[in-house]
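Below: the structure, in structure tokens.
No lab work stands behind these numbers, since they all come straight from the coordinates. Please read all numbers here as calculations on a predicted model, not as lab measurements. Note that each Cβ is placed from the backbone with ideal geometry, even for glycine, and that neighbours are counted across all protein chains shown.
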Amino acid sequence: MDNQMNLKPCPFCGEQVEIEYSEHTKHFFAYHDLKKSECIIKLAILLRNAHTKEQAIEVWNRRIEK
Ligand SMILES: [Zn+2]
């Protein structure tokens, strides 16, 4: 099973998001492809307090539920 499957879509435009790790900031972040749609999320959202990809997914999903 791919963990990406558990990711909730963007709450603003409904696009599927991706989780990536940035070596530069040392943080995971969520982003999505904006080719298809304009979205309020222009840049990646930093997922603070996430140290593994699983945690990053949890952080993202919690954000969406709020
Ligand atoms: Zn979006």
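Annotations
- 5 angstrom amide H check on H27, placed H, neighbours 5+ away: S22
- Between E18 and E54, full extension at 0.36 nm per residue minus the direct alpha carbon distance yields a gain of 11.7 nm.
- Neighbours of V17 by Cβ distance under 12 Å: Lys/Arg scored +1, Asp/Glu scored -1, total -2.
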